[in-house]
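Heads up, the thing below is written out as structure tokens.
The values are calculated or read from the model by the stated rules, or taken from the named source; none is laboratory data. The structure displayed is predicted, hence computed values, not measured ones. Counting neighbours? That spans all protein chains shown, and the Cβs are built from the backbone with ideal geometry, glycine included. The area values use the complete protein model at the heavy-atom level, side chains included, leaving out ligands, DNA and RNA. Shrake-Rupley method; radii C 1.70, N 1.55, O 1.52, S 1.80 Å.
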Amino acid sequence: IWRYRADKLGQTHDPDNRFAGGLRNVVGMSWNHQTDHLYAMMHGRDQLHQSFPDIYTQKESAQLPAGQFHLLKAGDNVGWPYCYYNQMQEKKLLNPEYGGNNKKVGRCDQYKDPLIGFPGHWAPNSLTFYHGNTFPEKFQGGAFIAFHGSWNRAPYPQQGYKVAFV
């Protein structure tokens, strides 16, 4: 994620403008203006079993890896492409391309974990923070997250077509 000034022309793409890295397929991102923090939704990768059948079963591939909800601060790195988040083990694991075996943490202990790991392939796409006064107080400052749902959870049924509150 890069930062630039909206009121300045001729800016260049350089490392000084990098806000956070190690992200994969961030399609939902929002500032929580109450806390002045940036949050991002990250999709997990697909087809672990098809690409690495000696490491992942079809059932594991249907549930892994997690979609992730991150609070990002300047300089954060969440580990992609080296790591993925296993929501069942509640930790980052090394991707098989880098020597991972669905158990090995390796260098992944140095990267920031998500606030939440959602079920694999639900695909969190959008979020908005609620600061209104129509809903009960428990919703204040929380996030509504929209998921587009899965296409590759076989042998399990497709899931994730929903809006959730966190």
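Select from region 130-166 the residues that are under 29 Å from residue 47 (Cβ atoms) and among the charged types (D, E, K, R) and write down the one among them that is surrounded by the most Cβ atoms within 10 Å (Cβ to Cβ).
153
Need a quick list: strands (runs of 3 or more DSSP E) entirely within region 10-129 having at least 1 residues that are in contact (Cβ under 8 Å) with a residue 12 or more places away in the chain and open to solvent by 60 Å² or more (accessible area, probe 1.4 Å).
Counting at least 1 such residues, we get 26-32, 91-94, 124-129.
Restricting to region 131-166, what's the tally of residues that are without any contact (Cβ under 8 Å) to a residue 24 or more places away in the chain and more than 18 Å from the chain's Cα centre (by Cα)?
10
Just checking, how many residues over region 16-44 are among the basic types (Lys, Arg) and closer than 20 Å to residue 152 by Cβ?
Number of matching residues: 1.
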